[in-house]
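Colleague: Please see the structure below; I have some questions.
Read-outs throughout are calculated quantities, based only on the coordinates presented, and are distinct from any laboratory measurement. Bear in mind that the values here come from a model prediction, so they are computed numbers and not experimental data. Cβ placement follows ideal geometry from the backbone for every residue including glycine, while neighbour counts extend to all protein chains displayed.
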Amino acid sequence: ATPVAVMVGLGAAARKGVLVRDAAALEALGQATDLAFDKTGTLTEGRPRLRRILRLAEASEADLLKTAASLERDSEHPIARGLVAAHGGPLKPVDGFRAHPGGGVSGDLEGVSWRLGSADFLRTPFPEVDEDGIAVGLADASGLKAVFVLGDRLRAETPAVVDQLRRQGLHLHLFTGDRIQAAQAMAAAAGIESVSAGLRPEDKLGRIRDLQTRGAVVGFVGDGVNDAPALAQADCGIAMGSGAGEQGTAAAMAAAPLALLRPGLEPVLAARRLALRTHRVIR
Ligand code: ADP
Ligand code: MG
């Protein structure tokens, strides 16, 4: 690569809100055969709202929600923000809080140990939830006490951005830690056919490596702490700029050679245009 050509590309990129830390990654985006997306906060707005509480214990919905929101106080995950917002009131103090990326959170409230997260994380199947939202369970040592169903909206621009990327001949994938029902509903609405759900952070990385083993040049777009391994493994990792300076975003940004400095998916198109142009100038 000639440094001058790279610099032309990078200056233009910065003006479009794309921070390029590694020029080779920008070039890889121009050569990409496959582009994979995280779901929550990437294809979607990342503001899940509580829709329903399935009560599996004697406790009231308000108490169950208070426990869940208290556990989530120090989590940067969009689900956490949704639960805290739905509760709205004062929270209980939590001891030994831990975030488990791609799984959930845990901590002690008034001497009781709780875990809150996916069915995989809790190692407990949830009762049938006949809607396509995100489902997270609340469990103590004696089992599942509640399931919270949250709905997140596709970003308004997602279908159009996905359509343009497909027209460029890219194979598009959705890689998510969420359950398959929620993943398929969002993928269908976005126009993405290849869906992998229930993925832990290292599984997202594994999917990318599988594609690379078959000769693909892979871009990955993600926004969270759970996306950091995939962002680092991809030929071109792109961290979303969901703003707000959240921890998840910071971790994603640190792991990615490209970072979008404006919210939304449109800067991905700008990055790809710049990559194609930079590539052409370099050759
Ligand atoms: P995505 O790949 O869609 O961004 P994540 O990998 O962050 O999702 O999370 C996967 C799943 O793990 C979520 O759908 C949820 O069930 C669970 N989860 C992760 N973090 C949390 C949290 N802070 N609170 C509750 N559940 C969580
Ligand atoms: Mg995400």
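Colleague: Could you tell me what fraction of 2.2 N^0.38 Å the Cα radius of gyration of the chain comes to, as a two-decimal ratio? Before the final figure, lay out each step's value.
Modeller: Numbers: Rg = 19.7 Å, N = 283, 2.2 N^0.38 = 18.8 Å.
Relative to the rule-of-thumb radius for its length, the chain sits at 1.05.
Colleague: Find which of 109, 11, 94 sits farthest along the positive direction of the dipole of the stretch 1-140, computed with +1 on the beta-carbon of Lys and Arg, -1 on that of Asp and Glu, about the Cα centre.
Modeller: Of the candidates, 11 comes out farthest on the positive side.
Colleague: Assuming R0 = 35 Å, can you tell me the calculated FRET efficiency for the pair residue 166 and residue 110, based on Cβ-Cβ distance, to the nearest 0.05?
Modeller: On the way: r = 52 Å, r/R0 = 1.47.
So, using R0 = 35 Å, E works out to roughly 0.10.
Colleague: Quick one: compute a quarter of the convex hull surface over the Cα atoms of the stretch 49-151 and quote it in nm². Spell out each step's value before the answer.
Modeller: On the way: hull surface 23.5 nm².
For the stretch 49-151, averaging the hull's shadow over all directions gives 5.9 nm².
Colleague: Continuing with the same structure: Under 23 Å between alpha carbons, and skipping anything fewer than 8 positions from residue 39 in its own chain: which lysines qualify?
Modeller: Those lysines meeting the cut-off are 204.
Colleague: Which one, 138, 260, 232, projects farthest toward the positive side of the charge dipole computed for the chain from Cβ point charges (K/R +1, D/E -1)?
Modeller: 260
Colleague: What order do you get for 53, 180, 192 when you list them from fewest to most C-beta neighbours inside 10 Å?
Modeller: Working: 53 18, 180 13, 192 25.
In increasing order of surrounding Cβ atoms, one gets 180, 53, 192.
Colleague: May I pose another question? Using the beta-carbon distance between residue 232 and residue 15 and R0 = 25 Å, what value does 1/(1 + (r/R0)^6) give for FRET efficiency, to the nearest 0.05? Working shown, then result.
Modeller: Values: r = 26 Å, r/R0 = 1.05.
Calculated transfer efficiency: 0.45.
Colleague: A follow-up question, please. Please report, in cubic angstrom per residue, the volume enclosed by the convex hull of the alpha-carbon atoms of the stretch 151-283.
Modeller: Values: hull volume 15.2 nm³, N = 133.
Value for the stretch 151-283: 114 Å³ per residue.
Colleague: Let me ask something else. Assuming R0 = 35 Å, can you tell me the calculated FRET efficiency for the pair residue 277 and residue 180, based on Cβ-Cβ distance, to the nearest 0.05?
Modeller: Values: r = 38 Å, r/R0 = 1.09.
After rounding to 0.05, the efficiency reads 0.40.
Colleague: Something else now. Grab the DSSP H runs of the chain that are 4 residues or longer, score each as -39,500 (n - 2.57), total them, divide by all residues and round the 222 nm result to the nearest 500 deg cm²/dmol. Could the numbers behind the result be given before it?
Modeller: Numbers: 11 runs with 114 residues, N = 283.
Per the formula, -12000 deg cm²/dmol.
Colleague: Continuing with this model, one more query. Over the chain, what is the relative contact order in whole percent, taking alpha-carbon pairs under 8 Å and six or more residues apart? Walk me through the intermediate numbers first.
Modeller: Working: 604 pairs, mean separation 76.5, N = 283.
With pairs under 8 Å counted, the relative contact order is 27 percent.
Colleague: Want the number for residue 140 to residue 156: 0.36 nm per residue separation, take away the alpha-carbon distance, what's left? Please report the intermediate quantities before stating the final value.
Modeller: Numbers: separation 16, 0.36 × 16 = 5.76 nm, distance 3.81 nm.
Extra length from residue 140 to residue 156 when fully extended: 2.0 nm.
Colleague: What distance in nm separates the simple spin-label points at residue 63 and residue 131, each placed 7 Å from Cα in the Cβ direction?
Modeller: 2.4 nm
Colleague: I would also like to ask the following. In nm, give the distance between the simple-model label positions of residue 24 and residue 120, each being 7 Å from the Cα along the Cα-to-Cβ direction.
Modeller: Modelled inter-label distance: 3.0 nm.
Colleague: If you don't mind, there's one more thing I want to ask. Please work out how much length the chain gains when fully extended from residue 55 to residue 250, using 0.36 nm per residue of separation minus the C-alpha to C-alpha distance, in nm with one decimal. It would help to have the intermediate numbers written out before the result.
Modeller: On the way: separation 195, 0.36 × 195 = 70.20 nm, distance 3.51 nm.
The residue 55-residue 250 span can extend by a further 66.7 nm.
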